[in-house]
Amino acid sequence: MLRLRVLAVIIGASGGIIGCGDNLGPCDGVVGTCIPVPSDASANDAQRALLEATPGSTVAFSAGTYHFKTGLSLDVPDVRIIGAGMERTVLSFAGQTDGAQGLLVTSDGFTLEDLAVEDTRGDGVKIEGAERVVLRRTRVAWTGEPNATNGAYGLYPVQCKDVLIEDSFVRGASDAGIYVGQSENVVVRRNRAEDNVAGIEIENCIKADVYENTATSNTGGLLVFNLPGLQISNGSDTRVYRNQIFDNNTLNFAPPGNIVGVVPAGTGMVVLASHRAEVFDNDIHDHRTTNLGVISYLTLQIPISDPSYDPFPTALYFHDNRFSGVSSNPSGDLGAVILLSLAEINASGGGVPDFVWDGVVDPSRLVGGEYAAQDKLCFQRNGDGDFISLNVPPGDAQLPVTDLAPLDCAHNALPPVTLGSLGRAAR
Amino acid sequence: MRGGGLAGAAALAVALGACGDDLPRDEICGDRRAAPGFDVDAPFCDRLSTYGLFSELSSQTPATGVLPFQVNSALFADRADKDRFVWLPSGEVMTWSDPGALELPVGAVLIKTFGFPTDARDPSAGRIVLETRLLVHRPRGWEGVAYVYDRNGEGRLAPEGASLEVAWRDGAGAQQRQTYLVPNKNQCKNCHEETEGVLAPLGPKARHLNRDGADAQNQLQGWIDAGLLVGAPPRDAWPRSAVSDDPQSGTLEERARAWLDISCAHCHNPRGAARTSGLDLSITAEPAALGVCKAPVATGRGSAGRKFDIVPGQPDASIIMARLESTEPEIKMPELGRTLIDEAGVALIREWITAMPGSCAPD
């Protein structure tokens, strides 16, 4: 609706489109208060615009490439930052000397549209503690080769509520391209993530829908993680559906010591210690290590000092996904355990199964040797997708298992995430 | 020239005092006031001298009623020295509070000036005064902004911050050249929002103020005696933070925790900007929250390849040391306010971790 109106104003103002478009200022056609940031603006000029913005206003960057050496920040509620398109307006932070992010936002009601942030030292766009966040048609990229010196996160809302990330593109993050942490009510849709360590990561979130995204050429395509020691401790209710997750075989280039460093190259999707997730109708294929992994935090062998944290994944339901393309050459520590486990049951010949579970269960949840119905791990109607439950820890008396019959169960469908507070902006 | 300007301003200030808030900003802001004054409802004036907080800006000589104070441990600010003052509206008082900042009345102004000695070996060589930050208690809350001194010695409003080149000689006589960063308004908030969304003073806390001032009298007692501070408990119940660089002031543990408190805890507390990391470095934090054997969450390159924030006995395996010893924007901690390494702070935290018992090996 807004786009149509903008177009109408442009046509009306120019009285004929040809040759006039380039003369329009960045605020032309913007409804309401708008602060233009001309294409020759310095970082100080841009920062001044972000300080002077008032609630309800728009800060508009021009087409062109801005060269900023210092990070920008916004702390005014209900401000929209726009550009002329994510290929036309580029905020380049190459050579950045100050600021741990490109853009830091700490205010509610933030919208970012139609621009790119490139080559920040740290994170690209970080939004902390905000309600109502829309990131739309934005691009965050590290333009060189995948490298540990690239920034950690591309689009990075943390401790936010009502978050929409759509039609965006992230490339080259040394941690996660799109990373949503400790947030509630999250929709991540129709984005593309390439050449990151993790393409898309949902961490310690409550209620997230992740759909129609493409994740390829990352180390791991899509991660749903729950980590200890955080204020939002036990994430739950994640739906992952209709995504294209393929050929994520890039060597892990995360700086050592980071949790995503544990993700082996060639991982489609990993669910780590999450609760209530429904994963369906995805295409996941051509991964060297595994198409789908489910693991407990205990398998990482990192001490846990958070008594409220539940390290065991529960109530996961994988159904109607399409898996293909296995290898016999899985990588990393997990790959080694997979190979050992396959050898233990003389199944090395068939390649790595599509679905790898570490098989670690919570003894306190066992009833007659298995989880109660509401806690179970369920895997149904996934074509000819095959499976192995590993022997973790190695040497455990219990042998690896490939029989899917115990996983032939279902959970109720999770409800869709509603972003009511975003109103029209979410449509 | 300066003196003439001041005399003229004094005459004008009388007229201004009678006119009040209805004047347009230029006139409210006009020339220097005869006595300190601050209109808490008006936007910041372009020139610092307007407020009459100093009888002489260049030497940072406070006007009558502008109270200097010192703190036990200070946040490292790229080796800049700092002068701190508080001004209270006539008849208003401060009220005791702990462990948060003393309660200051609406209208109070906290003033902090950053500068360098021209030659640290020779006080008579003068001082390079760079910026003065004001933190003003407005009716709707605190608001902060920086004034950067121009070549005439006037403080100019700089909400977007600044990057300044400074040349000075340190205590060893070495010529130092550095880029000094003045924070923008949002960056003021990044540190001063100890609780998200609530801008507040950091320095004027009882434990930081409980020390002798320049007049060799206890600062809190002095304010109580002058009727400027009320509600204090008996003196033996006052908290006192260690002086991080004075071994006589407390144990290694106390000094290290005091340093973390003043350097890190404004963000790294359960309600601060770094709450998302799960790392709590406030004075009351328990060891696990303090980062002992805590795996990082969203550290990026800041991990330096290390597994835990603090590994007892092993500073070079502790992420916190890598953070303190870096000047790279995405790695260094504190994130703001420094481009240099705080050598004394690094040495203190290194010593503290080295002496810490225990290990992070799995049971």
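All of (1) loosely packed, with under 14 Cβ neighbours inside 10 Å; (2) among the small types (Gly, Ala, Ser); (3) more than 22 Å from B:Ala74 (Cβ to Cβ) hold for B:Ala232 with one exception: (1). A single entry from A:Ala100, A:Ala141, A:Ala94 fulfils the requirement of being farther than 14 Å from A:Phe169 by Cβ and out of contact with any Pro (no Cβ under 9 Å at 6 or more places or on another chain): A:Ala94.
The helices (runs of 4 or more DSSP H) found entirely in the range B:199-302 that carry 3 or more residues being free of Cβ contacts under 8 Å to residues at least 24 places away in the same chain and of a type outside the set (Val, Ile, Thr) are B:219-225. Of all residues in the range B:307-323, those satisfying the criterion of being in a loop (DSSP other than H, G, I, E, B) and surrounded by 21 or more Cβ atoms within 10 Å (Cβ to Cβ) are B:Asp309, B:Val311.
Yes/no per residue for (1) in a loop (DSSP other than H, G, I, E, B); (2) touching an Asp or Glu at 6+ places or on another chain (Cβ under 9 Å); (3) in contact (Cβ under 8 Å) with a residue 12 or more places away in the chain:
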residue: A:Ile178; (1), (2), (3): no, yes, yes
residue: A:Asn185; (1), (2), (3): no, yes, yes
residue: A:Val188; (1), (2), (3): no, yes, yes
residue: A:Asn196; (1), (2), (3): yes, yes, yes
residue: A:Lys207; (1), (2), (3): no, yes, yes
residue: A:Leu223; (1), (2), (3): no, yes, yes
residue: A:Ser233; (1), (2), (3): yes, yes, yes
residue: A:Asn248; (1), (2), (3): yes, yes, yes
residue: A:Leu251; (1), (2), (3): yes, no, yes
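Counting only residues that are surrounded by 15 or more Cβ atoms within 10 Å (Cβ to Cβ), of a type outside the set (Phe, Trp, Tyr) and out of contact with any Pro (no Cβ under 7 Å at 6 or more places or on another chain), how many does the range B:338-363 have?
9
Scanning the range B:278-288 for residues that are surrounded by 19 or more Cβ atoms within 10 Å (Cβ to Cβ) and more than 8 Å from chain A (Cβ to nearest Cβ), we see that the one that is nearest to A:Val262 (Cα to Cα) is B:Leu279. Checking each residue in the range A:71-91 for being in a strand (DSSP E or B) and either closer than 21 Å to A:Asn191 by Cα or at the interface with chain B (Cβ under 8 Å from one of its Cβ atoms) (or both) picks out A:Gly71, A:Ser73, A:Leu74, A:Arg80, A:Ile81, A:Ile82, A:Thr89, A:Val90, A:Leu91.
Of all residues in the range A:95-109, none satisfies being part of a strand (DSSP E or B), touching a residue at least 24 places away in the same chain (Cβ under 8 Å), surrounded by 23 or more Cβ atoms within 10 Å (Cβ to Cβ) and away from every other protein chain (no Cβ under 13 Å). State yes or no: is B:Ala200 under 27 Å from B:Met94 (Cβ atoms) and either exposed (fewer than 14 other Cβ atoms within 10 Å of the Cβ) or among the basic types (Lys, Arg) (or both)? In short, no.
Yes/no per residue for (1) surrounded by fewer than 24 Cβ atoms within 10 Å (Cβ to Cβ); (2) away from every other protein chain (no Cβ under 13 Å); (3) among the acidic types (Asp, Glu):
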residue: A:Glu166; (1), (2), (3): yes, yes, yes
residue: A:Arg171; (1), (2), (3): yes, yes, no
residue: A:Gly181; (1), (2), (3): no, no, no
residue: A:Glu184; (1), (2), (3): yes, yes, yes
residue: A:Arg190; (1), (2), (3): yes, yes, no
residue: A:Glu194; (1), (2), (3): yes, yes, yes
residue: A:Ile200; (1), (2), (3): no, yes, no
residue: A:Glu203; (1), (2), (3): no, no, yes
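The single residue among A:Asp384, A:Asp403, A:Asp333 that is part of a helix (DSSP H, G or I) and loosely packed, with under 14 Cβ neighbours inside 10 Å turns out to be A:Asp333. For the range B:90-131, a residue qualifies if it is over 20 Å from the mean Cα position of the chain (by Cα), surrounded by 14 or more Cβ atoms within 10 Å (Cβ to Cβ) and under 30 Å from B:Arg177 (Cβ atoms), and the qualifying residues are B:Thr118, B:Asp119, B:Ala120. Only residues that are within 13 Å of chain B (Cβ to nearest Cβ) and assigned to a loop (DSSP other than H, G, I, E, B) were counted in the range A:133-164, giving 9.
Within the range B:147-163, the only residue that satisfies the criterion of being touching a Ser or Thr at 6+ places or on another chain (Cβ under 7 Å) and within 14 Å of another protein chain (Cβ to nearest Cβ) is B:Ser163.
Residues in the range A:281-298 that are touching a Ser or Thr at 6+ places or on another chain (Cβ under 8 Å) and part of a loop (DSSP other than H, G, I, E, B): A:Asp286, A:His287, A:Arg288, A:Thr289. Do we find that B:Ala172 is in contact with a strand residue (DSSP E or B) (Cβ under 6 Å, 6 or more places away or on another chain), away from every other protein chain (no Cβ under 11 Å) and either assigned to a loop (DSSP other than H, G, I, E, B) or over 30 Å from B:Gly222 (Cβ atoms) (or both) in this structure? It is false that B:Ala172 is in contact with a strand residue (DSSP E or B) (Cβ under 6 Å, 6 or more places away or on another chain), away from every other protein chain (no Cβ under 11 Å) and either assigned to a loop (DSSP other than H, G, I, E, B) or over 30 Å from B:Gly222 (Cβ atoms) (or both). Selection within the range A:115-129: residues that are surrounded by 23 or more Cβ atoms within 10 Å (Cβ to Cβ) and at the interface with chain B (Cβ under 10 Å from one of its Cβ atoms). The member of this set that is nearest to B:Gly272 (Cα to Cα) is A:Lys126. Taking the range A:344-381, which residues are of a type in the set (D, E, K, R) and not in a strand (DSSP E or B)? Selection gives A:Glu344, A:Asp354, A:Asp358, A:Asp362, A:Arg365, A:Asp375, A:Lys376, A:Arg381.
Only one entry in A:Val260, A:Val294, A:Val270 is within 13 Å of another protein chain (Cβ to nearest Cβ) and touching a residue at least 12 places away in the same chain (Cβ under 8 Å), namely A:Val260. Candidates are the residues of the range B:175-197 that are in contact (Cβ under 8 Å) with a residue 40 or more places away in the chain, more than 19 Å from B:Ser263 (Cα to Cα) and not hydroxyl-bearing (Ser, Thr, Tyr); the one that is nearest to the other protein chains (Cβ to nearest Cβ) is B:Lys185. Annotation: B:Ser318 fulfils all but one of (1) touching a helix residue (DSSP H, G or I) at 6+ places or on another chain (Cβ under 6 Å); (2) among the small types (Gly, Ala, Ser); (3) facing another protein chain (nearest Cβ under 7 Å); the unmet one is (3). If the condition is being aliphatic (A, V, I, L, M), in contact with a strand residue (DSSP E or B) (Cβ under 8 Å, 6 or more places away or on another chain) and closer than 25 Å to A:Ser305 by Cα, then the range B:318-363 contributes B:Ile319, B:Ile320, B:Ile353, B:Met356. Scanning for something in contact with a helix residue (DSSP H, G or I) (Cβ under 7 Å, 6 or more places away or on another chain) and modelled with pLDDT of 90 or more, does the range A:391-408 turn up at least one residue? Looking for residues that are in contact with a helix residue (DSSP H, G or I) (Cβ under 7 Å, 6 or more places away or on another chain) and modelled with pLDDT of 90 or more, one finds none in the range A:391-408, hence no.
The values are calculated or read from the model by the stated rules, or taken from the named source; none is laboratory data. All values derive from a computational prediction rather than experimental measurement. Positions of Cβ are generated from backbone atoms using ideal geometry, with glycine treated the same way; all protein chains shown enter the neighbour counts.
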